[in-house]
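The values are calculated or read from the model by the stated rules, or taken from the named source; none is laboratory data. Keep in mind it's a predicted model, so treat the numbers as computed, not measured. Methodologically, a virtual Cβ is constructed for each residue, glycine included, from the backbone with ideal geometry; neighbour enumeration extends over all protein chains shown.
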Amino acid sequence: MPEREVEIIESGRAWMAGEVPNDVYFSKVVQSTAVSPGQEFLNRLRSLIAVIAWWRKSPT
């Protein structure tokens, strides 16, 4: 699971338990969605390229 999703889930649990005020929780959610779809696509593409490069270098 991507790190930002884990952060949202953890902050949501803390918010539901009453440990975090509403404004702190909602500001985290808003900040986490600031990543544009294009940026998300490029991150996934870079990861795929890294995996392919690693796979090609690994001994067979």
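Worth pointing out:
- Criterion applied to V30, V51, V35 was being modelled with pLDDT under 85 and surrounded by 10 or more Cβ atoms within 10 Å (Cβ to Cβ), and the one residue passing it is V35.
- The stretch 8-60, residues that are assigned to a loop (DSSP other than H, G, I, E, B) and on the phi < 0 side of the Ramachandran plot: A17, E19, V20, P21, T33, A34, V35, S36, S58, P59, T60
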